[in-house]
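Quick notes on the structure that follows.
The values are calculated or read from the model by the stated rules, or taken from the named source; none is laboratory data. Just so it is clear, the model here is predicted, and its values are computed rather than measured. Cβ atoms come from the backbone with ideal geometry, glycine included; neighbour counts cover every protein chain shown. Side chains included, ligands, DNA and RNA excluded: accessible areas come from the protein's heavy atoms. Shrake-Rupley method; radii C 1.70, N 1.55, O 1.52, S 1.80 Å.
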Amino acid sequence: MKVHILGHSCKVYTARSYLVLGDWNRISDVNTLIDCGTDGSVVDEIARINTGVGKKPVEQVILTHNHFDHSGGLERVRQRYNPTVYAFSPGDGIDKQLKDGQVIKIADRDFAVIHAPTHSHDSICLYCAQDGALFSGDTPLVVRSPGGTYRSDFVEFLEYLLRIRLDNVYPGHDRPMTEGIGETLRLTL
């Protein structure tokens with residue numbers, strides 16, 4: 001699995017977008033855009049990436065939630081690539097709804113959909129056990145100020161993450177985490 005971080009050319013506030021491709025760009029791989037940012041400028045970035053011969057550069061889009069900074073550019077992505085669009089909640093431009101526990105193919109891997117209503121009611125994370133990879137959207141994994149009261153489902157979610165293999169976490173706004181993930185989660189918990 002190859003992960004390309006997008007959103008560098010956006011001139012307004014936006015989330016990170018990720019183009020996920022298979023290791024070998026095989027025809028059977030499902031080129032997937034996770035979140036599409038605010039203005040659709042990721043389209044220009046995708047055009048510069050080798051996405052495989054004879055393949056659509058973006059076959060599917062998965063929205064981690066429907067906030068504008070993650071989904072605002074969807075129309076431009078749809079116009080350019082005509083992908084199938086997945087999200088947890090229905091909405092404009094959404095072709096298929098995802099369910100908690102569902103497995104979906106992204107690139108050349110299987111990912112589990114994890115409903116994580118900690119940031120918004122329709123927030124999801126996408127987890128690949130094979131690679132220990134988690135696309136977390138805006139699900140808060142790092143609480144920067146101590147104290148406060150948190151819902152029990154948030155605490156249970158953090159406890160769940162501590163039980164699974166996590167080698168790479170791709171958040172919606174921060175840099176990907178590749179080291180100290182367990183320690184960071186324990187501090188947050």
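Here are a few things to note about the model shown:
- Probe 1.4 Å - accessible area at THR118, Å² to nearest ten: 40
- Helical mean residue ellipticity (222 nm; -39500 (n - 2.57) per DSSP H run of 4+; nearest 500) of the chain: -5000 deg cm²/dmol
- Normalising the Debye intensity of the chain to I(0), with uniform scatterers on Cα atoms only, and taking log10 at q = 0.08, 0.10, 0.11, 0.13 Å⁻¹ returns -0.24, -0.37, -0.45, -0.63.
- Measuring only protein heavy atoms, the 1.4 Å probe finds GLU183 accessible over about 120 Å².
- Calculated diffusion of region 85-175, Stokes-Einstein form, Kirkwood radius summed over Cα pairs, 10 °C and 1.306 mPa s, µm²/s: 113
- Cα-based shape type of region 65-124, given that a ≥ b ≥ c are square roots of the gyration tensor eigenvalues and the cut on a/c is 1.5: oblate
- Heavy-atom surface analysis with a 1.4 Å probe gives region 1-155 a carbon and sulfur content of 51 percent of its accessible area.
- Equivalent ellipsoid of region 1-95: semi-axes from √(5λ) of the C-alpha gyration tensor, largest first, are 20, 15, 11 Å.
- Estimated dipole of the chain in Debye, rounded to 20 [Cβ of Lys and Arg +1, of Asp and Glu -1, Cα centre]: 320
- For the chain: relative contact order, % (alpha-carbon pairs under 8 angstrom, 6 or more apart): 16
- Calculated accessible area for the chain comes out at 49 Å² per residue, all protein chains present (probe 1.4 Å; ligands, DNA, RNA ignored).
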